[in-house]
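Sending over a structure as structure tokens; questions will come in a sec.
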Amino acid sequence: MKLRKLGSIITILFAFAQIELFAQSSAKVQDFSNASVSIKYYNKSIYYPGNADDFPVFVHITIKNNGTDTLRFKLADDRKFSLDFNAYTVKNSRLPQTEEIIEKRTTNQTVYFRELALEGGEEYSFVENVKDYLKIDDSSVYYLEMFFYPELYKAKYLSLKSNRLTLEVRPSPSSASSNYIPVKDQTVEILKQEELSPDKVVESTIIARQKSLWDQYFLYMDLESLLKRNNTLAKKYAAGSAEERERILASFKADLMQSKIENDIIAVPEKFIIEKTSYTPTEGSVSVMEWFKYPNFSEIKRYNYKVRQREGIWQIYDYTVVNLGTE
């Protein structure tokens, strides 16, 4: 009788322990009901079948906290472990994934990620090339959508679905037809360089990056000079034909937009102050203090942007960064 009573007590205690553990684990689960993801085309242009480098389909992705509580989520350095694109034909046939993304997800490897926090009303944006995720080999009309995994791909049961875009892919053109003319966001006004002072060039570039306006961001960038900071790319670029150089430069730009290289120049500061500007008629430098916000602290860096003038237009062609600590 005593043994049966003891067994009942142990059972009850075990049940309470299970309930407590469940309550603790449930309390740690982030509520994503007030989070949303949206997609829109970046550099809206005519799209063609073909490889990701020559005929990209860039999409601007925004994660937003629509609530009042802090929203925390993980974002993999390799975004293929954080999101998926799906595209369907009018007959509801789904496009296949690339071999690269299948291989990555089926190979044991360490996935590096950052934990990000958004306060109420804040949003985080980045750009991805859809063709890094999907094989688009045929011209057709597709319906494109995206799934974001806030706890990474292995926890894909927890996902946020984006809006749907119509993707029209036209028959392949000649290689010369793949170029596009940058325009201002949500307008048809063509972007033009203006005769701004060096400090205004740097200021407008940083603000464009804060707003994820990539066309405006690259408007005063000397991409060729920035590319040559990388010795490997510089050698390939110097040895390439005119067509190969154009492809290498386009690939370099795409890698910048996807945060694959040169992370310092495309980092997004929470705020910045221009400290000092000095220049001659052809060369100059602009010193800027920049603050980068993290969940529990802010990192401070001093950027020194090097600029030079060509035909009355100042362009950023090089930069250095000094870490000044945290606050």
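Could you tell me whether Thr98 is open to solvent by 40 Å² or more (accessible area, probe 1.4 Å), without any contact (Cβ under 8 Å) to a residue 60 or more places away in the chain and not charged (D, E, K, R)?
For Thr98, the condition - open to solvent by 40 Å² or more (accessible area, probe 1.4 Å), without any contact (Cβ under 8 Å) to a residue 60 or more places away in the chain and not charged (D, E, K, R) - is not met.
Further question: Quick check, is Asn34 modelled with pLDDT of 50 or more and over 30 Å from Ile248 (Cα atoms)?
The answer is yes for Asn34.
Quick grid of which residues meet (1) closer than 17 Å to Val127 by Cβ; (2) part of a helix (DSSP H, G or I); (3) not hydrophobic (A, V, I, L, M, F, W, C):
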position	(1), (2), (3)
Leu226	no, yes, no
Thr232	no, yes, yes
Lys235	no, yes, yes
Glu243	no, yes, yes
Ile248	no, yes, no
Ser251	yes, yes, yes
Ser259	yes, no, yes
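Could you list, ordered by first residue, the pairs with Cβ atoms under 6 Å in which the first is in region 139-151 and farther than 18 Å from Arg114 by Cα and the second is acidic (Asp, Glu), at least 6 apart or interchain?
Val141/Glu168; Phe147/Asp84
Go through region 64-102 residue by residue and tally those that are closer than 19 Å to Ala155 by Cβ and among the hydroxyl-bearing types (Ser, Thr, Tyr).
Selection size over region 64-102: 1.
Taking the residues in region 146-161 that are under 20 Å from Lys135 (Cβ atoms) and modelled with pLDDT of 95 or more as candidates, determine which candidate is surrounded by the most Cβ atoms within 10 Å (Cβ to Cβ).
For region 146-161, the residue satisfying everything is Met146.
Would you be able to tell me the number of residues in region 238-273 that are aliphatic (A, V, I, L, M), under 16 Å from Ala208 (Cα atoms) and crowded, with 17+ Cβ neighbours inside 10 Å?
Total satisfying the criteria: 4.
So for region 197-210 (the condition being surrounded by fewer than 16 Cβ atoms within 10 Å (Cβ to Cβ), out of contact with any strand residue (DSSP E or B) (no Cβ under 8 Å at 6 or more places or on another chain) and either part of a loop (DSSP other than H, G, I, E, B) or acidic (Asp, Glu) (or both)), does at least one residue qualify?
no
The values are calculated or read from the model by the stated rules, or taken from the named source; none is laboratory data. Note that the structure is predicted; figures quoted are calculated from it, not measured. So basically every Cβ, Gly included, is an ideal-geometry build from the backbone, and we count neighbours across all protein chains shown. When the accessible area is computed, the model is the full protein with side chains, heavy atoms only, and any ligands, DNA or RNA have been set aside. Shrake-Rupley method; radii C 1.70, N 1.55, O 1.52, S 1.80 Å.
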